[in-house]
1. Take the residues of segment 280-307 that are in a strand (DSSP E or B) and of a type in the set (Val, Ile, Thr): which is farthest from Val245 (Cα to Cα)?
2. Among the candidates Ser193, Ser214, Ser249, single out the residue that is out of contact with any Lys or Arg (no Cβ under 6 Å at 6 or more places or on another chain), assigned by TED's automatic domain parsing to the domain that holds Leu398 and outside any loop (DSSP other than H, G, I, E, B).
3. Please specify each residue of segment 20-73 satisfying the condition of being part of a loop (DSSP other than H, G, I, E, B) and among the small types (Gly, Ala, Ser).
4. Filter segment 88-110 down to the residues that are free of Cβ contacts under 8 Å to residues at least 60 places away in the same chain and buried (at least 19 other Cβ atoms within 10 Å of the Cβ), then identify the one that is nearest to Asp168 (Cα to Cα).
5. Would you point out which residue out of Glu160, Glu145 is acidic (Asp, Glu) and assigned to a loop (DSSP other than H, G, I, E, B)?
6. Suppose we filter Met124, Met60 for residues that are surrounded by fewer than 18 Cβ atoms within 10 Å (Cβ to Cβ), more than 22 Å from the chain's Cα centre (by Cα) and at pLDDT 95 or above; which single one remains?
7. Conditions first: (1) more than 27 Å from Tyr25 (Cβ to Cβ); (2) outside any helix (DSSP H, G or I); (3) at pLDDT 95 or above. Gly376 passes all but one, so which condition is the exception?
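The values are calculated or read from the model by the stated rules, or taken from the named source; none is laboratory data. Everything numeric here is computed off the predicted structure, so don't read it as measured data. Note that each Cβ is placed from the backbone with ideal geometry, even for glycine, and that neighbours are counted across all protein chains shown.
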Amino acid sequence: MMPHILYISYDGLTSQIGQSQVLPYILELSRNGHRICVVSFEARGDFKRLRATVSDELTMSGIEWHPRRFRSRPPLVAKIIDHLDALWTALRLTRHHRFEIVHCRSYFAADIGLKLKRIFGSRMLFDMRGFWVDQRREGGRWPQEKLLFRFLYRRWKAKEAEFIAHSDEIVVLTEAAKDEIETWTAYNGQPISVIPCSLKYERFPISNQNETLSARRQLKIEPNSLVLAYLGSLGTVYLFHEMIVLYQSLKRIQKKSILLMIGRHNQQDIIQSAQEIAPELNLNDFRFVKAEHSEVPFWLGAANIGVCFITSSFSSLGVSPTKLGEYLAAGLPVISNDGIGDVRSIIDDSDAGHVLIDFSPHSIEVAIKQIVRLAGYSREALRERSRPFHDMERAVGLYDQIYRRLA
């Protein structure tokens, strides 16, 4: 009999990340015969909209789901409450089910998983995702000039070393992250698998000509316009300023250009911020659309190029942008910057776009010329070239092998 697995995720199955990077994986792994019990933390709005749909999918796949409430207020205290809730839930479930494996998705889950390993002897899979502690510091979430955040950073760095030292296997998103961890004194030589953010390619079909025209009509974009797309949130690590500079430069050469923002964005804030960088831009230069994950491929069909600019730092060694795989699956060439995980090697190896070495005027000028060239790429050919890097079938196969090794 397959081992019983407790899957702990602080990302909700009803969130955008959960819909693209958690739920599809566990559904496929269940179809491979694995017995899975999920504890996830759900934001109220997402949970209300998608609870019934997700619950039905999990029930039909034989997956047991224990959704918990995701709290954000009051700051810090909410996280302590969530941690206690996760620990109590995991202890209660493990006493009942005696899970052989605890799959810990990121650091919050690993803190629970390590306790379960010590109490029950469960095997621990540390699915790091990225260098979360350093992301908090570098992204300004934990400013080190404040004593509290300095304490949090040091405490979680110590925990990170514990997770690395005591996990039975480790999963990272990039080869660059694997190479880095292998130099750490806490690393004990356990297997490290590289599994980048992946997706089910069949759920990201390439838009045909009629679908592209339909999307553009709904967005009031002319058929011959050149459209840059940005997919996802605009957090502290995403380079909004540089994206606007790129678009401003493109607009000077290609008058009929549009910047399409797909996500839950505040239009007024974005326009105001953009005009502080490029005063000549206005509302007519932008299009905004809010979309469920299943609707994203349709709206990407309106674009010619996807943009993926992320701050290059130590923590970005471990970054595998979800949007990169989604652009490529939809057949969109990508404009990105250097120093982000394995992005350069993926783009170069699959001839899938252009990587800026920096954001100097010369590099921006080169990128603009590349955008014009890349807009003529065959979407079908690009999609197939990128498939080996991001197709979920490969990722699920690797997780399946890990579960069987841990069993």
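1. Applying the filter and picking the extreme gives Val289.
2. Unique residue meeting the criteria: Ser193.
3. If the condition is that a residue be part of a loop (DSSP other than H, G, I, E, B) and among the small types (Gly, Ala, Ser), then Gly33, Ala43, Ser61, Gly62, Ser72 are the ones that fit.
4. Ala110
5. Matching residue, one of Glu160, Glu145: Glu145.
6. Going through Met124, Met60 in turn, the sole match is Met60.
7. (3)
So that you can scan it fast, the table gives a plain yes or no per residue for (1) buried (at least 17 other Cβ atoms within 10 Å of the Cβ); (2) more than 28 Å from Glu222 (Cα to Cα); (3) in the same structural domain as Gly139 (by TED's automatic domain parsing):
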residue	(1), (2), (3)
Leu300	yes, no, no
Gly306	yes, no, no
Ser320	yes, yes, no
Gly325	yes, no, no
Ile335	yes, no, no
Asp338	no, yes, no
Ile357	no, yes, no
Tyr377	yes, no, no
Val396	yes, yes, yes
